[in-house]
Every structure is written in C-alpha cells, then in structure tokens.
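The values are calculated or read from the model by the stated rules, or taken from the named source; none is laboratory data. Please read all numbers here as calculations on a predicted model, not as lab measurements. Glycine gets a Cβ as well: all are built from the backbone with ideal geometry, and neighbour counts include every protein chain shown.
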Amino acid sequence: MPSATPFDTDETDRLLSTTRAVRRRLDLGRPVPQELLLDCIDIAEQAPTGGNQTSRRWLVIQNPDLKKALADLYRDAGGNWISESYQKVAGTGHHNEKALRSADHLAQNLEHVPAIVLVTIYGEHDGSGRPGLFDSVIQAAWSFCLALRSRGLGSAWTSLHLEAADEVAELLGIPDGVSQIVLLPVAWTTGGDFSPAERRTAHDITWFDKWGYTIERPTGEAPLHRDGAGVTVEIDIDAAPSAVWQFISDINLPARFSDEFQGAEWISTQPEIGATFLGHNHNDHMGDWEVTCHVVDYEENRVFAWNSVDAKQAAAQWRFELIPLAGGTRLRFAMILGPGWSGLTMAIEARPDKEAKIIANRQAGQTDNMRRCVEGIRDLATEADPETRF
Ligand SMILES: Cc1cc2nc3c(=O)[nH]c(=O)nc-3n(C[C@H](O)[C@H](O)[C@H](O)COP(=O)(O)O)c2cc1C
C-alpha cells in the first residue's frame, strides 16, 4: 500500500499559524467571486460533524442594502461599544489598543466588505453546557477561514451580531430552529504577509495525565527528575491585578497555606531581578532547612518568579503570574522541579528505582499546597479592598 502523500508542513504550518483576524487589511474595493466562496465552503464541509449529518448552512450576503442593514445591527449590538472603547484607549498604548482599533475599523466598514458569510446550523443549543451543536459547526467555519487565507483572502471571526440574532434572522429570512454561529466578513487582503500572533506556549498550557501537571522535556514515559516535571495551578479572582499583586509579592504569604514552607525574609534590599531572599522550611523527612531564593523575574502587577538554591541550577523554579481578564485576574502559580540538586534528588539517589513515584508524589503534594495558596490569595484579594473589586 502506498503511504499517504506527506504535506509540505512548512506551508501548512504557515497557513495554520498566520490566519489572523483581518480587518484593516480587507480590500473593500475588489469583488470576491461567488465561485471562489463556494470552493472554500466545499473544503470547509470536509470538517467533522456529529452524527455525520449535513446540517450546516452558509449564507453569503452581498446585496448592498442587506449588508448595510446587517452592519447597522452589528453596530447596535456591540460594534458601537467597540468603537467607544477604542476612543477611550486611542493613543494610550493600552494592551488592547491595536485590537480595538482594528475591531473599530471593521464595525465602521462592515457594509463595504465585498461578502459577509454567516455560518449557521440546523438546531438549537440545549443549554446543557455541553458543546453539542456548536462542535458540529465551528471547525467547519474555521476551515473556511483557512481556505480563504490560502487563496489570498481574509476574514475575522465575529460574533457581536449574536446579541441581535433575532433581528438578523428576520432581516435574512432565517427560520426558527436554526442557530447562527459566526459572521465572517470576507475580502481579498492587502499589504504583505501575516505573522504568527503571540500566544502562550504549549508547554505553558498542556497538562500531562493529571490537571496542572507539566513536563519541560517530555519523553513519553512517567517523568523523571531530568525531564523537568512541574505543577501549575490557576484561579480566577474577582479583583484587579494590582489588588492581587500585594499578596503575591509578599514572600511570607505562601507560608500561611503551605505545610512545608514556614516563612522568608529578604536578603537584598530591593525586590528586583537578581535579588535574593531566605526561605525557611520544615517537613517530617528533612526536619528544618533554609534555602536561598534568587529572583529571576519581577514585574509589578504581572510576574514574580524565583529559583531556589541556585539561579541557574535551581532546586525548583517558582513563578507567580497575573493575567488581566475582563473583570478580574487569572492567578497562575507554577513550579518546575530541578534542574539542580535538592532534597528531592537526595531521595531519588537513595531509591533510584522509585524515581518516577517520588516525582509523582512531589507533584501531588505541591499541587495541594499551591492550590491552598492561590485559594487563600483569592480570598484575601477579594476581601481586601472593595474599591479594587470589579
Ligand atoms: C468567539 C470569538 C468572537 C469574536 N468576536 C469578534 C467580533 O464580534 N468582532 C471582532 O472584530 N472580532 C471578534 N473576534 C476576533 C478576536 O477579537 C480576534 O481573534 C483577536 O483580535 C485576535 O486576533 P488574532 O486571532 O489575529 O490573533 C472574535 C473571536 C472569537 C474567537
């Protein structure tokens, strides 16, 4: 049997990693042939669908009056709010300024886009919280975006119109029992190539076997010390990053929630990259011990990271991170074992045949400690200052 023809992965990876939300670079003056849209829909229809049913329906809107009416609904439903939000941050360097500028441009120009494609599916979501229904259509809509991009066209995934779904249905004659999923403005793109966006790395957001368990250098086997096993816990907090920062930058605070860490004091005068502090620990196996911690990342309201024992050959690497969310903060607390010498490596030297088990036990113990810690910080931060609450 001949094997399947391999793809040019450089090209497919480039397609998959550079299909951007295109708004300001949509060519509003160049018509988009309907045949080309049909080709892209044929490709998109190769996406999986629950029960192998063909329930997706694609609505291509090119009539100028309908596009104008649809654009008005889009603006009423949220586009105007986007434009107002952009006006507030314009020129401030706010982290969302670029995205808002682009979204504002689309909101102002939606009726001028050569084709608007509304992706729909027969059925109504049962409200169960399961993805059912949506998971039979979203992958096809994204394949459509990829097919467009590979032909020199672009789109932006939009959903603001869904606030006015009933009005949109009335305007376009969409029957009851059909769900609108996404509205895709389609045009040829202008300018040069597109680049990959900044995203979290797979290492950061991929857990192995158990929730929160990370491996820096996965081998396919249960992780050993040299593989850089770790734990990440996360919690969403109903308070601004600045309200959470005071707690994560307090080196004594985790002692309140840990059954091993007892407290710490600064050795350096300033908390900054390169500064050190001394941590006091206790457990039943090792009794009391002290460890010097080296600050390796420090940015107010964003990140506090330190390596224990040695900055480069760390016994363990620790990191608090604050991620701003709409209406709050996601607190991440991550720990990676090694790569340097520690009580853990001593335990492994004593029982090398049990290394994988020792690592797994350490991950489990730290998960409990770290989870208690982030839950404690959440409670403190939300109680601390009602003024800083969202
Ligand atoms: C579920 C969802 C809804 C979105 N809704 C809108 C929208 O209504 N209007 C808009 O301009 N962009 C919308 N976007 C696009 C995002 O804002 C866009 O992905 C973001 O700007 C990042 O751009 P990038 O994907 O090129 O990195 C939406 C994206 C998703 C995934």
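Below are the figures for this structure:
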quantity	calculated
Matching residues in segment 108-126 - criterion: being β-branched (Val, Ile, Thr) and either surrounded by fewer than 17 Cβ atoms within 10 Å (Cβ to Cβ) or under 15 Å from residue 156 (Cβ atoms) (or both)	113, 116, 117, 119
Residue in segment 357-371 that is of a type outside the set (A, V, I, L, M) and either in a loop (DSSP other than H, G, I, E, B) or not assigned by TED's automatic domain parsing to the domain that holds residue 310 (or both) present	no
Every pair of residues 6+ apart whose Cβ atoms lie under 6 Å, when the first sits in segment 124-149 and is among the hydroxyl-bearing types (Ser, Thr, Tyr) while the second is modelled with pLDDT of 90 or more	136/49; 143/44; 143/47
Evaluation of residue 203 against (1) without any contact (Cβ under 8 Å) to a residue 40 or more places away in the chain; (2) under 30 Å from residue 361 (Cβ atoms); (3) outside any helix (DSSP H, G or I) (one fails), failing number	(3)
Selection within segment 1-34 - in contact (Cβ under 8 Å) with a residue 60 or more places away in the chain and aliphatic (A, V, I, L, M)	15, 16, 21, 22, 26, 28, 32
Long-range neighbours under 9 Å by Cβ, at least six apart or interchain, first residue over 10 Å from residue 259 (Cα atoms) within segment 357-374, second hydrophobic (A, V, I, L, M, F, W, C) and part of a helix (DSSP H, G or I)	358/344; 358/347; 358/348; 359/344; 359/348; 362/344; 362/347; 373/253
Residue check for residue 273: without any contact (Cβ under 8 Å) to a residue 40 or more places away in the chain and out of contact with any Lys or Arg (no Cβ under 7 Å at 6 or more places or on another chain)	yes
Tally, over segment 201-252, of residues that are aliphatic (A, V, I, L, M) and either outside the structural domain of residue 349 (by TED's automatic domain parsing) or out of contact with any Leu (no Cβ under 8 Å at 6 or more places or on another chain) (or both)	11
Matching entry among 323, 267 (being closer than 30 Å to residue 347 by Cβ, surrounded by fewer than 17 Cβ atoms within 10 Å (Cβ to Cβ) and modelled with pLDDT of 95 or more)	267
Residues of segment 125-163 classified as more than 11 Å from the ligand (Cβ to nearest atom) and in a strand (DSSP E or B), total	1
Hey, residue 226 modelled with pLDDT of 95 or more, more than 18 Å from residue 341 (Cα to Cα) and surrounded by fewer than 17 Cβ atoms within 10 Å (Cβ to Cβ) or not	no
Matching residues, segment 237-290, being part of a strand (DSSP E or B) and under 28 Å from the mean Cα position of the chain (by Cα)	237, 239
Candidate set: segment 312-345, residues that are assigned to a strand (DSSP E or B) and among the polar types (S, T, N, Q); chosen: the one farthest from residue 278 (Cα to Cα)	329
Which numbered condition residue 233 fails, given (1) farther than 17 Å from residue 372 by Cα; (2) in contact with a Cys (Cβ under 9 Å, 6 or more places away or on another chain)	(1)
Residue match in segment 51-74 (condition: in contact (Cβ under 8 Å) with a residue 60 or more places away in the chain and under 15 Å from residue 104 (Cβ atoms))	yes
Neighbours by Cβ (under 8 Å, 6+ apart or cross-chain): first from segment 165-193, away from the ligand (no atom under 16 Å from the Cβ); second of a type in the set (Lys, Arg) and assigned to a loop (DSSP other than H, G, I, E, B)	188/30
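Per-residue answers, yes or no, for (1) over 27 Å from the mean Cα position of the chain (by Cα); (2) of a type in the set (Asp, Glu):
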| residue | (1), (2) |
| --- | --- |
| 11 | no, yes |
| 37 | yes, no |
| 75 | no, no |
| 83 | no, no |
| 88 | no, no |
